[in-house]
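S.K.: I'd like to ask some things about the structure below.
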């Protein structure tokens, strides 16, 4: 009797009612629907994929047939988007294979799709590839010179497809729950009404299921505190999420490259001649990640209100010359010449944090060198006039459209992502520059260089108050 009473008590709770009334029916209905829908969609998908691949290989034969043999591989890679592209000569020898470009593949003359292509306009075969150890749908056509072009598309089994639809299954389960609630209106209302009528302004005044009582007690304890802190916390959280998401996104690419190449080397899949090249790639990506981390740490330091305690007179001309020397390793291989000039070296001092100003000049010059054409010149002009000292970095690179003159100073902003990948950089350099300039009560402007290129001009005040305990001489 006690056990029966406990079971009855369970079904009197919110958890018991929802579980008994909806969970079993919804789960069974969803499972049946999921299995039938998966089988139907798989069948339709396979038929569609075969038709598309057949049309693609026919188009490939029409395009590649008239071309010389040595040009076919490049055209095939550029124009056709199959998982695997194979060119085979009349004797069955593999001339090119996009998935195994450096491997010595066996004669393919006996492959089923090649044999069938000899006897018909085309051939489509689904089989297991020994080279890639996976199931591939092959389509082959014989060319006029007796050779063959073969396209392959990796296929999934029905079991793999079902396994990959776990998330759609969860979404379908939620939708089915809503449908069951609509058809079980009376039961749903009996279950949901006590929750829907909750007064969150006075949580303890509600009559609810026993399971919700601890939650309401906690809500009552936290309500006043959460209401007073909500706006402030939300604002801070939004800023943190945006910055964290950007950093995570920027780190993902080098991490994937390092992990991928390291795994290949660990598993012994890299030949000895390629090990040095792969190691170089890993080293470069690690350096990119290190640069990103350094820039993130720099931005974090810039957010700390400690700049005034680090101020001292800094000569911008001497600073630019020092940075120029540091960047010779980057500028020399490109043949880029950096020229620093000033109207008066003795009048180029400004009060500031030397390390931050050095980072500012470094980022401006590094950015100019990365985008400067080979064998060009970059001018760094320091001018003293009135109550400020100006520093202009003038390059002859691709330039920056006027409408993007403000956007380039945003964190992680890149005008041309593909170009940025070639030149390197973290997307934080100019953001750091602007932050440093603002912390020194200065201004920064971007304009077009006459004849092409970009000019970044920074102006820093001479009369910023420097604490006497922190003054010194720039060396």
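The values are calculated or read from the model by the stated rules, or taken from the named source; none is laboratory data. Because the structure is predicted, anything quoted here is derived from the model rather than measured. Neighbour counts run over all protein chains shown; Cβ positions are idealised from the backbone, glycine included.
S.K.: Yes or no: region 227-248 includes at least one residue that is touching a helix residue (DSSP H, G or I) at 6+ places or on another chain (Cβ under 8 Å) and modelled with pLDDT under 70.
M.R.: Looking only at region 227-248, we keep the residues that are touching a helix residue (DSSP H, G or I) at 6+ places or on another chain (Cβ under 8 Å), and these are 247.
Right, trim to modelled with pLDDT under 70 and you get 247.
Yes, region 227-248 has at least one match.
S.K.: Out of contact with any strand residue (DSSP E or B) (no Cβ under 8 Å at 6 or more places or on another chain) and either part of a helix (DSSP H, G or I) or at pLDDT 75 or above (or both), is that true of residue 313? Don't jump to the end; show me each part of the working.
M.R.: Details: out of contact with any strand residue (DSSP E or B) (no Cβ under 8 Å at 6 or more places or on another chain): no; either part of a helix (DSSP H, G or I) or at pLDDT 75 or above (or both): yes.
No: the conditions fail for residue 313.
S.K.: Is region 367-389 home to any residue that is farther than 22 Å from residue 430 by Cβ and touching a strand residue (DSSP E or B) at 6+ places or on another chain (Cβ under 8 Å)? I'd like the intermediate steps shown before the answer.
M.R.: Taking region 367-389 first, the residues farther than 22 Å from residue 430 by Cβ are 374-375, 384-387.
Subsequent filtering for residues that are touching a strand residue (DSSP E or B) at 6+ places or on another chain (Cβ under 8 Å) retains 384, 387.
Yes: region 367-389 contains one or more residues that are farther than 22 Å from residue 430 by Cβ and touching a strand residue (DSSP E or B) at 6+ places or on another chain (Cβ under 8 Å).
S.K.: Which residue is modelled with the highest pLDDT, if the candidates are limited to region 451-465 and must be surrounded by fewer than 20 Cβ atoms within 10 Å (Cβ to Cβ) and part of a loop (DSSP other than H, G, I, E, B)?
M.R.: 462
S.K.: Considering region 316-368 alone, what residues qualify as being in a helix (DSSP H, G or I) and more than 36 Å from the chain's Cα centre (by Cα)?
M.R.: Narrowing region 316-368 to residues in a helix (DSSP H, G or I): 316-326, 328-334, 345-347, 354-368.
Scanning region 316-368 gives 316, 317, 318, 321, 345, 346, 347.
S.K.: Quick one: would you say residue 336 is crowded, with 17+ Cβ neighbours inside 10 Å, within 24 Å of residue 399 (Cβ to Cβ) and either modelled with pLDDT of 90 or more or in contact with a helix residue (DSSP H, G or I) (Cβ under 9 Å, 6 or more places away or on another chain) (or both)?
M.R.: yes
S.K.: Looking at residue 303 and the list (1) at pLDDT below 90; (2) surrounded by fewer than 17 Cβ atoms within 10 Å (Cβ to Cβ); (3) over 28 Å from the mean Cα position of the chain (by Cα), which single condition is not satisfied?
M.R.: The number of the failed condition is (3).
S.K.: If residue 55 passes every condition in (1) within 19 Å of residue 121 (Cβ to Cβ); (2) loosely packed, with under 13 Cβ neighbours inside 10 Å; (3) modelled with pLDDT of 85 or more but one, which one does it miss?
M.R.: Exception for residue 55: condition (3).
S.K.: Given (1) assigned to a helix (DSSP H, G or I); (2) at pLDDT 75 or above, identify the lone condition not met by residue 190.
M.R.: Condition (2) is where residue 190 drops out.
S.K.: Mind listing just one residue for me: the one in region 68-92 that is surrounded by 14 or more Cβ atoms within 10 Å (Cβ to Cβ), part of a loop (DSSP other than H, G, I, E, B) and at pLDDT 80 or above and, of those, nearest to the chain's Cα centre (by Cα)?
M.R.: Result: 80.
S.K.: Does region 121-133 hold any residues that are touching a strand residue (DSSP E or B) at 6+ places or on another chain (Cβ under 6 Å) and surrounded by 15 or more Cβ atoms within 10 Å (Cβ to Cβ), and which are they?
M.R.: Filtering region 121-133 for residues touching a strand residue (DSSP E or B) at 6+ places or on another chain (Cβ under 6 Å) gives 122-126, 128-129.
Of everything in region 121-133, those that are touching a strand residue (DSSP E or B) at 6+ places or on another chain (Cβ under 6 Å) and surrounded by 15 or more Cβ atoms within 10 Å (Cβ to Cβ) turn out to be 122, 123, 124, 125, 126, 129.
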